[in-house]
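The values are calculated or read from the model by the stated rules, or taken from the named source; none is laboratory data. Just so we're clear, the structure is a prediction, and the values are computed from it rather than from any experiment. Ideal geometry is used to build each Cβ from the backbone, glycine not excepted, and the neighbour counts take in all protein chains shown.
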Amino acid sequence: MKISKIKIFLIVLCTLSFSYINTFAQAINRYNPDTMLTVVLDKDVIKTARAGLYVEDFINQIIKDSSFYDAFKNMKKYAFTAENTVVTYDSNNKVKGKIYRKIRHLNDKKGHKMITLANITSGELYKRNGNYKLYSVEMFDYIFTNAYNSDFSEPNSNSSLAKMGKNEGYKEKLKTLVFSPGKPIKGIPFIASKTQIFDEDMRKNYNYTFASGTYLDSIPVYRFKVLMKTDISDWTKDGIMIKELTTIFDKRNFQILGRYIDMKMDNIAFSFDVQMNIEMTYIKEILLPTKISYQGNWDIPFKKEERASFLVLHKDYKLE
């Protein structure tokens, strides 16, 4: 594999940043957000059959759901405040650099406008030419400073891909991993065949668990967790990229309110250990994103190891 493709893959996956409590991948001992922290599970375990639901019901909904992605497109209709935090680390997980930004996004008839309310930077973040030292931070800054003024088309749609160059095409393909997990992603070396976790050959490597609970203190939800089995061979474990996929469903309408994904891969081309989390909430019955978090380690041949965490909080939505 050429280094340029590896670089593209690293940058692309970080754009999805849009947490991790797992014994199968090496835990990253630092800032560690998780959808589960805002979900309180019921004390009594409810069997799926007793509730009139089965594993296939959840899988089918994950595959066909569009509400999760629609929530990001809905942002273009609203003004809101975004608080963005970026932290970079050295090999011992000590903080090397930090960025905090608070931005008010305005989306009216005149178009998208950003008002910077706070911008605090410290530590080692930039090269001498002013560019970011880490590709992941560079892409994070681009996505969360400019994405709200871009076209939110369906991931992997023919119309969107036709308008894009090669690099943008990679970004579109990787959107599928978060917004439509389980679907194949062609064109990414060493990765394409490892994303179809709901295929028959892959299902035997996962356990599926179901729970009932409450999200954000008031919303009744189901938690559906797809977790890699512990009793499979080490060889099989090493070949599985998605270690966990947890999805939070609104009981009332089966819309997806949250998604957490834990991924790890280690091969001759690159190694990574990444966790991403996205949470939604209702603003007058419209689903909108409120928290996007990411943390990950990247190690690519001939490149310095990258370690970073991102946290984005959205609030004060106002329809414009």
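Things to note:
- If you go through the stretch 80-96 and pick out every residue that is of a type in the set (D, E, K, R) and either surrounded by 15 or more Cβ atoms within 10 Å (Cβ to Cβ) or under 18 Å from residue 141 (Cβ atoms) (or both), you end up with 2.
- Some residue of the stretch 303-316 being of a type in the set (Lys, Arg) and buried (at least 23 other Cβ atoms within 10 Å of the Cβ): yes
- Comparison of 276, 263 shows that the only residue that is touching a strand residue (DSSP E or B) at 6+ places or on another chain (Cβ under 6 Å), assigned to a strand (DSSP E or B) and under 24 Å from residue 81 (Cβ atoms) is 276.
- Considering residues of the stretch 32-51 that are within 18 Å of the chain's Cα centre (by Cα) and surrounded by fewer than 17 Cβ atoms within 10 Å (Cβ to Cβ) only, the residue modelled with the lowest pLDDT: 32
- Every condition in (1) more than 18 Å from the chain's Cα centre (by Cα); (2) closer than 30 Å to residue 132 by Cα holds for residue 307 except the one numbered (1).
- The residues listed here are 254, 310, 249; of these, the one that is touching a helix residue (DSSP H, G or I) at 6+ places or on another chain (Cβ under 8 Å), at positive phi and at pLDDT 85 or above is 254.
- For residue 205: the one exception among (1) at pLDDT 90 or above; (2) among the polar types (S, T, N, Q); (3) closer than 19 Å to residue 63 by Cα: (1)
- Verdict on residue 188 being modelled with pLDDT under 85, among the hydrophobic types (A, V, I, L, M, F, W, C) and over 21 Å from the mean Cα position of the chain (by Cα): no
- Residues that are farther than 18 Å from residue 202 by Cα, of a type in the set (Ser, Thr, Tyr) and outside any strand (DSSP E or B) within the stretch 217-254 comprise just one, 218.
- Residues of the stretch 203-241 that are closer than 21 Å to residue 66 by Cβ and touching a helix residue (DSSP H, G or I) at 6+ places or on another chain (Cβ under 7 Å): 215, 224.
- Some residue of the stretch 309-320 being touching a Lys or Arg at 6+ places or on another chain (Cβ under 9 Å), closer than 30 Å to residue 203 by Cα, assigned to a strand (DSSP E or B) and not aromatic (Phe, Trp, Tyr): no
- Conditions (1) in contact with a Phe, Trp or Tyr (Cβ under 7 Å, 6 or more places away or on another chain); (2) surrounded by 15 or more Cβ atoms within 10 Å (Cβ to Cβ); (3) of a type in the set (Phe, Trp, Tyr): number failed by residue 126: (2)
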